[in-house]
Each structure stands twice: as structure tokens, then as C-alpha cells.
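The values are calculated or read from the model by the stated rules, or taken from the named source; none is laboratory data. If you're wondering where the values come from, they're calculated on a predicted model, not measured in any experiment. No Cβ is skipped: glycine too gets one built from the backbone with ideal geometry, and neighbour counts run over all protein chains shown. Side chains included, ligands, DNA and RNA excluded: accessible areas come from the protein's heavy atoms. Shrake-Rupley method; radii C 1.70, N 1.55, O 1.52, S 1.80 Å.
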Amino acid sequence: MSLNLISEHACFGGSVRFYSHESRECRTEMRFSVYLPPQAKNGKVPVLYYLAGLTCTEETFTVKAGAQRVAAELGLMLVAPDTSPRKVRHPGDDASWDFGLAAGFYVDSLQEPWAQNYRMYSYVTRELPEVVQSLGAGDADRQGIFGHSMGGHGALVCALRNPTQYKSVSAFAPISSPSQVPWGQKAFTGYLGEDRALWKQYDANELIRSQRYARPILIDQGDKDKFLVEQLKPELFAAAAKESGSEVQTRIQPGYDHGYYFIATFMEDHLRHHARQLSSA
């Protein structure tokens with residue numbers, strides 16, 4: 001496995017690193033960022049994956065979320081992949097901001113031309129953990145996952161489908177019922193096709209309704225989020241979780257919108273939520 005270290009920056013006693021590598025799953029170059037806390041110098045630390053939203057890159061979370069100070073205190077390794085393949089291009093991949101480039105939706109595409117490269121679910125859940133393990137600092141038995149918007153959808157789906165792999169999960173303003181909202185319907189039709197039965201494996205609402213999730217899920221949602229009513233619908237996920245007896249804490253935050261000022265405000269709560277779960281894993 002060949003990793004290319006693009007850059008490294010000292011941060012709160014640890015280091016922020018940006019890497020690129022040739023991806024087995026996506027069949028092209030992929031990029032990700034890592035925050036190594038100071039505790040990683042003395043042994044393996046828990047790994048927390050962050051999945052970003054539409055239009056974002058591997059830099060967005062690292063630059064905007066303000067997570068490193070608390071991650072350094074808690075000894076959490078943070079990993080943030082890009083949101084889609086970028087080196088390989090397909091006709092129309094940048095025609096809209098919510099599909100194609102920077103909008104991989106964390107699914108394994110079944111439709112051409114996307115099927116060859118847009119395999120973000122397998123990249124996140126299979127290949128990226130292998131790459132991270134090659135760095136030598138992450139504890140494979142203590143992995144958590146969280147994300148924002150499209151990435152909140154991805155984090156919930158990854159955790160619900162792989163409950164033994166991820167020992168903690170949370171989300172900021174997730175697209176938690178994608179089959180019932182325009183963003184999800186557009187992405188699923190384009191990547192998976194018209195058969196809605198195939199959509200269910202990537203719909204957190206459907207997944208949590210059919211199984212009880214054994215760990216607490218934390219969700220924060222701003223009540224001034226312009227996408228709340230049409231695209232996010234957190235009440236649907238909360239109702240589905242109640243049906244299965246899963247524990248979901250949905251916090252509606254007055255005055256907050258969909259952006260990174262909102263995320264940065266509640267980032268510490270999420271990191272401490274994950275640290276509690278991962279410390280007992």
C-alpha cells in the first residue's frame with residue numbers, strides 16, 4: 001500500500017496530516033485527512049471517522065469544525081475522507097452541486113458510468129480503515145463514526161449496517177430518511193437505479209426501523225436550518241427508532257442553521273459522546 005503524505009501541520013500537541021493514495025475500491029486517487037492526537041506517540045488510540053456533506057472535501061472538517069483541541073484532550077484520532085472520487089471524471093459529474101463530483105452519497109453505485117468509481121460505502125467501511133491501520137496509531141477495536149448532512153446519512157448507515165465495527169455514532173443535521181426527500185431520491189436514482197428495494201440498504205430510517213441499535217445515537221439539528229422541512233425530516237428517523245426500541249437523542253438547537261458554525265458549536269458534545277462509547281468498547 002502506497003501512501004503519499006501531502007502535508008503535515010503541528011496542532012494541539014499532535015499533528016494534522018493530509019494523504020493521498022490509489023484506491024482499490026474507487027479505482028483512482030483518493031484523499032483523506034488525519035488528526036493524530038499527542039497520545040498517539042505512546043500507543044494506539046481510538047479512531048473517529050467523520051463523513052462530510054455535499055460539496056465538501058477532506059479539508060472541510062479539518063479546517064472548519066474546530067475539533068482538534070478536544071480531540072487532543074480526549075486522545076481521539078480523527079479521519080475525514082473526501083466526499084467522492086475526483087481524479088476520474090464522468091460526463092455531467094459537475095452539472096449539479098448535489099450529485100456527482102463532491103456528492104458520492106456514501107453508496108456503492110450500481111449505475112453506469114458511476115459504478116466503476118463511485119464506491120464510497122465500501123471505501124469508507126473497508127478500504128479506508130485498512131489504510132488508517134497502516135499508519136500504526138489507530139486501535140481497530142475502537143472505531144466510531146459521525147458526519148454532517150449527506151455525511152450524517154453516511155455515518156448512520158455505516159454504523160447501522162456494521163454495529164460490531166463502529167462502537168459509536170452521531171450526526172449533525174443528517175439526511176436520515178433519504179428515500180423520502182429530494183436529495184436522497186436524486187442520488188439513489190442516479191447511483192442505484194429505479195428499484196426502491198435497493199435503496200433500503202442505504203436508508204437509515206429503514207435500517208433502524210427493522211433492527212434495534214444497541215448503542216445511543218446523538219443527533220443535533222438546528223431549527224433555522226433551511227433544509228430542515230424538505231430534506232432532513234429528523235422526526236421520521238426518531239419515529240422509526242422508537243419502533244425498534246433504539247435510543248436516539250435528537251436535540252433541536254434554537255437559532256442554528258445548516259453550516260459549520262452550528263457544527264463547531266456542538267462538536268465538543270459529539271466528541272465526548274464518542275469518547276465515552278469508545279472508552280468502554
So, with points 7 Å from each Cα along the Cβ direction, the residue 140-residue 224 label distance in nm works out to 4.6
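Between residue 112 and residue 10, take the C-beta separation as r, use R0 = 35 Å, and let me know the FRET efficiency to the nearest 0.05.
Efficiency computed from Cβ-Cβ geometry: 0.20.
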Two pseudo-spin positions, 7 Å from Cα along C-beta at residue 180 and at residue 250, lie apart in nanometres by 0.9
Within region 153-178, the residues whose backbone N lies under 18 Å from a label point placed 7 Å from the Cα of residue 44 along the Cα-to-Cβ direction are 164-168
Check: C-alpha center region 154-207 vs C-alpha center region 236-281, spacing in Å is 17
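Which value in deg cm²/dmol, rounded to the nearest 500, describes the helix-derived mean residue ellipticity at 222 nm for the chain, given -39,500 (n - 2.57) per DSSP H run of n ≥ 4 and division by the residue count?
-8500 deg cm²/dmol
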Given a 1.4 Å probe, the accessible area of the chain per residue, as a whole number of Å², is 40
For residue 114 the rounded accessible area (nearest 10 Å², probe 1.4 Å, non-protein molecules ignored) is 20
With a 30 Å threshold on alpha-carbon distance, the violating pairs from 64/167; 87/224; 44/226 are 87/224; 44/226
Computed for region 1-134: size of charge dipole around the Cα centre, +1 on C-beta of each Lys and Arg, -1 on C-beta of each Asp and Glu, debye to nearest 20, value 360
When the charge dipole of the chain is computed with +1 at the Cβ of Lys and Arg and -1 at the Cβ of Asp and Glu, the Cα pointing farthest to the positive end, of 156, 271, 221, is that of 271
Computed for region 152-271: size of charge dipole around the Cα centre, +1 on C-beta of each Lys and Arg, -1 on C-beta of each Asp and Glu, debye to nearest 20, value 300
Amide H proximity to residue 23 below 5 Å, modelled H, separation 5+ or other chain, gives 28, 29, 30
Among region 266-281, those whose backbone N falls under 17 Å of a label point 7 Å along Cα→Cβ from residue 164 are 281
Toy charge model, Lys and Arg Cβ at +1, Asp and Glu Cβ at -1: region 58-170 dipole around Cα centroid in debye, rounded to 20, equals 160
Under a 1.4 Å probe, counting only protein heavy atoms, residue 119 has an accessible area in Å², nearest 10, of 60
As straight-line cross-link partners of residue 200, the qualifying aspartates and glutamates (C-alpha separation under 14 Å, not fewer than 8 residues apart within one chain) are 108
